[in-house]
1. Please sort 256-268, 131-143, 361-373, 240-252 by packing, taking for each peptide the average over its residues of neighbouring beta carbons within 10 angstrom, highest first.
2. So how do LEU300, LEU295 line up by other beta-carbon neighbours within 10 Å, fewest first?
3. Assigning unit charges at the beta carbon (Lys, Arg +1; Asp, Glu -1) and nothing else, what dipole magnitude in debye, to the nearest 20, does the stretch 281-352 show about its Cα centre?
4. What order do you get for GLU318, GLU177 when you list them from fewest to most C-beta neighbours inside 10 Å?
5. Calculate the tail of P(r) for the stretch 211-290: the fraction of all Cα-Cα distances greater than 21 Å, expressed in %.
6. Using the Karplus curve 6.51 cos²θ - 1.76 cosθ + 1.60 with θ = phi - 60°, work out ³J(HN,Hα) for each residue of the stretch 166-172 in order, rounded to whole Hz, and write x for Gly and Pro.
7. Once phi is turned into θ = phi - 60°, what whole-Hz ³J(HN,Hα) does the Karplus curve with 6.51, -1.76 and 1.60 give for every residue of the stretch 179-191, x standing for Gly and Pro?
Amino acid sequence: MSGSMSVQGSRGLMARRSFLPYFDMVSERGIIPSLLVKILVKEGHEVRVFTAVFVTVMCLLGVASPGAAQCEPDGAIEFICGPVSPEDLIQIPGSPWVIVSSMEDDGYLSVTDSRDYASTVMFPLATSLPRHDTAAYGSCPGMAMEGFRPHGINLRPGRDNVHTLYVVRHGARESVEVFAVDAGRPTPTFTWVGCAVAPDGLGLNAVVPLPDDGFAATSPRTSDVWEWHTDTGWIKVPGSEDIGPNGLEISADGRWFYIARYAGQSVVRLSRGQTPIRKETIEIGFNVDNIHWALDGSLLAAGHSTPTRTRVGECMRERRCEGITSRVARVDPELLTAREIFTYATNDYLLLGTVAIQVGNEIWVGGIAGGERIVRIPTP
């Protein structure tokens, strides 16, 4: 299509991955940077040896990953190396920092500096301390670092460079975790302030703050969308039944949800607080995972197409990702039209695309299944 970028990756899928995550998980100590891990390969097996003193010190301090210097391009495509399985991305307003949700093993949150592309783990760390807002999140049982496994993320802009981060969490509990993000420092700080544990049966995916306080989240497991408020708790969104949701955004006035339908290969605009309920569908043409607002008021819908219905599961479980193409479309939320702007055939750099956001004059594309890079392309 006009104005789109289509790329066939020059690096094919390797039978055995030739590079390792910059961060490895250790249950009691949060994230351990694998730059401190000596990798010994013998007879096809990886043996990881590390020094406990360095592990302890670096976990206490937080560690930045190598920047772009060690991250060679793939033809015209540039990358950021470091975060493993960057399933979702969101930029901190008025700052160079992008928050990354790494959904691999127990997972972690990190920030990437758009000036030098270095990444720093934020949570969980041995230094992570709670500041439980019991007035807003009184039913939350408290901070739990083990079994974190973050998924969708979104941000509510605040005052004085302090913002509220919402994180869908699996693992130890199915919930939305809430953090205060202080971006008024050389490196942002994350402080856990509460959570909202999901009702039994829900399987959350994406989250978005609501203009009138609270947040909304999708539940692909039950095929609907739910809102949460301090005074009411969880309430199903009218009209969202059987919608097959994945990603989620909301209009600035709070009157419209924009819902990514993964299997439906479309984005649905669903009215909120209006009678009668209104629902319109925007055909996208691929499995839409996440959607986020771009700077021009359009939506960036990211996802992938697959050669077979089982290939995504094979990619996730077995790293059999051949034939998958990561794709991004720009959606006009008023005209209800879509135009594809990026396609990229799966290789070892980007296995299974899930998210696209605009960062300055670039589009950043993240993905899962063990990929260790974020794509950077000029904004079309």
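Throughout, read-outs are computed from the coordinates displayed, never taken from laboratory work. Here the structure is a predicted model, which is why all the values come from computation and not from measurement. Note that each Cβ is placed from the backbone with ideal geometry, even for glycine, and that neighbours are counted across all protein chains shown.
1. Working: 256-268: 21.8, 131-143: 14.0, 361-373: 23.5, 240-252: 19.6.
With the highest mean Cβ count within 10 Å placed first, the list reads 361-373, 256-268, 240-252, 131-143.
2. Working: LEU300 25, LEU295 12.
The fewest-first ordering by Cβ neighbours comes to LEU295, LEU300.
3. Details: 8 positive and 10 negative charges, 58 e Å.
Using Cβ point charges on Lys, Arg, Asp and Glu, the stretch 281-352 gives about 280 debye.
4. Working: GLU318 9, GLU177 26.
The order, fewest Cβ neighbours first, is GLU318, GLU177.
5. Values: 693 of 3160 pairs.
More than 21 Å apart: 22 percent of the Cα pairs in the stretch 211-290.
6. 10, 10, 5, 10, 10, x, 5
7. 10, 8, 10, 9, 9, x, 10, x, 10, x, 10, 10, 10
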